[in-house]
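*Asks:* One structure, pasted below without further comment.
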Amino acid sequence: MGVQMRPADGAMALAEMKEFAGFPAATQRYIRRSLDIGLSRQDALRRWSRDIVEAASIKAQARIYGRLDHIRGHVPDDSGLDQMEPFFSPLVTVTAFDLGQGRLSSFAAYRFLYERLVGGGVRPWLPGAFCAAAALPHLHPEKRRALLQSISEAAATAPGWSNRQPCFFPEWVDKIEETLPN
């Protein structure tokens, strides 16, 4: 039996689509590519690689994303510090890789991607992982500043988070040649 959508799911999917549409084109492309790699949806190398540099980046991303299964399996049920260690360090490492690629230029884009890569239960941990990775020395100081300034006080200090799973997962869309009638 299929999954039945409620009217609220449709509204949420539309809101998520609008949020995605507000990201720069390069960010949208990186999110779709990352979802193909992280969710094993497509042959990302064949679909997304435009040159040898991008091919190397995709291969590196696939290696780093090999940690996602571990991360998904260790999302803490609560804020207990004893559950945090096996989960948070790999999350920060994968986050640092993605931020270092230069395509996720804000917390909103990062949150959008990671809610889909890991699941809705990761939301409480995303501000900390983002701030930790954005403060690492592998990023240029100006990039660190821009990233850290992109997280709102409300996102950083939220009293609680929804564990609702995302509804919209953006994918590659083939261009269709438009032909005009004669």
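The values are calculated or read from the model by the stated rules, or taken from the named source; none is laboratory data. Not measured: the values here are computed from a predicted model. In this analysis, Cβ positions are derived from the backbone assuming ideal geometry, glycine residues included, and neighbour counts consider all displayed protein chains.
*Asks:* Looking at (1) over 21 Å from Phe112 (Cβ atoms); (2) in contact with a Phe, Trp or Tyr (Cβ under 7 Å, 6 or more places away or on another chain), which is the only condition Glu16 fails?
*Replies:* Checking Glu16 against (1) over 21 Å from Phe112 (Cβ atoms); (2) in contact with a Phe, Trp or Tyr (Cβ under 7 Å, 6 or more places away or on another chain), the one that fails is (1).
*Asks:* For region 60-76, give me each residue that is under 17 Å from Leu35 (Cβ atoms), surrounded by 15 or more Cβ atoms within 10 Å (Cβ to Cβ) and either touching a residue at least 60 places away in the same chain (Cβ under 8 Å) or out of contact with any Leu (no Cβ under 9 Å at 6 or more places or on another chain) (or both).
*Replies:* Result: Gln61, Ile64.
*Asks:* Only one of these is at pLDDT 95 or above and touching a Gly at 6+ places or on another chain (Cβ under 6 Å): Leu117, Leu99. Name it.
*Replies:* Among Leu117, Leu99, only Leu117 is at pLDDT 95 or above and touching a Gly at 6+ places or on another chain (Cβ under 6 Å).
*Asks:* If you don't mind, there's one more thing I want to ask. In region 37-52, is there at least one residue being within 24 Å of Pro124 (Cα to Cα) and either among the polar types (S, T, N, Q) or in a helix (DSSP H, G or I) (or both)?
*Replies:* Yes, that holds for at least one residue.
*Asks:* Which of the residues belonging to region 71-126 are within 17 Å of Phe20 (Cα to Cα) and among the aliphatic types (A, V, I, L, M)?
*Replies:* Leu104, Ala108, Ala109, Leu113, Leu117
*Asks:* While we're on this one: With Ala56, Ala26, Ala21 as the choices, which residue is touching a residue at least 12 places away in the same chain (Cβ under 8 Å), over 20 Å from Trp161 (Cβ atoms), surrounded by fewer than 16 Cβ atoms within 10 Å (Cβ to Cβ) and small (Gly, Ala, Ser)?
*Replies:* Of the residues listed, the single one that is touching a residue at least 12 places away in the same chain (Cβ under 8 Å), over 20 Å from Trp161 (Cβ atoms), surrounded by fewer than 16 Cβ atoms within 10 Å (Cβ to Cβ) and small (Gly, Ala, Ser) is Ala26.
*Asks:* May I ask you to say which residue of Pro137, Pro127 is modelled with pLDDT of 95 or more, loosely packed, with under 13 Cβ neighbours inside 10 Å and within 29 Å of Gln83 (Cα to Cα)?
*Replies:* The match here is Pro137.
*Asks:* Okay, moving on. Among (1) free of Cβ contacts under 8 Å to residues at least 12 places away in the same chain; (2) surrounded by fewer than 16 Cβ atoms within 10 Å (Cβ to Cβ), where does Arg144 come up short?
*Replies:* (2)
*Asks:* Go through Phe107, Phe87 for me and flag whichever is within 16 Å of the chain's Cα centre (by Cα) and either farther than 21 Å from Ser152 by Cβ or surrounded by 15 or more Cβ atoms within 10 Å (Cβ to Cβ) (or both).
*Replies:* Unique residue meeting the criteria: Phe107.
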